[in-house]
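For reference, the structure is listed below as structure tokens.
Just so you know, all these numbers are worked out from the coordinates, no wet-lab data involved. Keep in mind it's a predicted model, so treat the numbers as computed, not measured. Please note: Cβ atoms are built from the backbone with ideal geometry, for glycine as well, and neighbour counts cover all protein chains shown.
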Amino acid sequence: MKPATQALGQQLIIAPVSSEAEFDGAFTSIVGRGAKALLVGAGPLLASNGERIVALAARHAIPALYPFREFVVVGGLTSYGASFAEAYRQAGIYAGRVLKGEKPADLPVMQSTKFDLVINLKTAKALGLNVPTTLLVTADEVIE
């Protein structure tokens with residue numbers, strides 16, 4: 001992330017949180033330091049607090065990119081991440097191979113190859129953002 005933000009002439013502000021009690025302070029800190037957008041990472045704490053994070057981003061009027069579609073369904077602006085449907089399909093294939101007698105240790109490690117882009121137009125409008133048509137037609141899902 002750091003080289004990418006530097007190449008764009010932007011400043012990277014990292015606001016790690018390790019408990020639910022730190023969310024409000026993290027948002028206050030990044031907004032106070034001039035953040036213009038937010039990239040939410042993945043992890044159990046963040047995933048289980050999706051609605052709260054989306055609400056904080058809305059309250060501070062900060063556009064945010066999330067790792068999972070579920071954030072966008074509850075009002076987040078956009079998400080780009082591995083397709084859960086594809087991951088579950090691959091897990092099913094692995095389970096089938098194991099049930100047919102293959103040893104799990106012999107199976108290759110697989111990484112996601114399908115990623116979903118989801119955009120919430122209602123949230124974009126609330127933030128005063130105009131989403132380019134080229135991005136809308138590229139999206140896997142547009143929530144209106």
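A Cβ distance below 7 Å, combined with a sequence gap of six or more or placement on separate chains, defines the contacts here; from the range 73-102, residues that are under 27 Å from residue 131 (Cβ atoms) reach residues that are surrounded by 14 or more Cβ atoms within 10 Å (Cβ to Cβ) and among the polar types (S, T, N, Q) in the pairs 75/120; 75/123; 76/120; 76/123; 77/120; 77/123; 78/120.
Determine, yes or no, whether residue 46 is assigned to a helix (DSSP H, G or I) and in contact with an Asp or Glu (Cβ under 9 Å, 6 or more places away or on another chain).
Values: assigned to a helix (DSSP H, G or I): yes; in contact with an Asp or Glu (Cβ under 9 Å, 6 or more places away or on another chain): no.
Considered against the rule, which asks whether it is assigned to a helix (DSSP H, G or I) and in contact with an Asp or Glu (Cβ under 9 Å, 6 or more places away or on another chain), residue 46 comes out as no.
With respect to the conditions (1) more than 21 Å from residue 144 (Cβ to Cβ); (2) part of a loop (DSSP other than H, G, I, E, B), residue 21 lacks only one, and its number is (2). Name the single residue that is nearest to residue 126 (Cα to Cα) among those in the range 14-61 being out of contact with any Leu (no Cβ under 9 Å at 6 or more places or on another chain) and among the charged types (D, E, K, R). Applying the filter and picking the extreme gives 59. Do you know which residues across the range 25-56 are exposed (fewer than 13 other Cβ atoms within 10 Å of the Cβ) and more than 15 Å from the chain's Cα centre (by Cα)? If the condition is that a residue be exposed (fewer than 13 other Cβ atoms within 10 Å of the Cβ) and more than 15 Å from the chain's Cα centre (by Cα), then 25, 32, 33, 34, 36 are the ones that fit.
May I ask you to say which residue of 136, 56 is under 16 Å from residue 23 (Cα atoms), outside any strand (DSSP E or B) and not small (Gly, Ala, Ser)? Unique residue meeting the criteria: 56. Scoring residue 107 on the criteria (1) exposed (fewer than 12 other Cβ atoms within 10 Å of the Cβ); (2) without any contact (Cβ under 8 Å) to a residue 24 or more places away in the chain leaves a single failure, condition (1). Across the range 62-75, the qualifying residues are those that are over 9 Å from the mean Cα position of the chain (by Cα) and outside any helix (DSSP H, G or I), and the one among them that is farthest from residue 124 (Cα to Cα) is 74.
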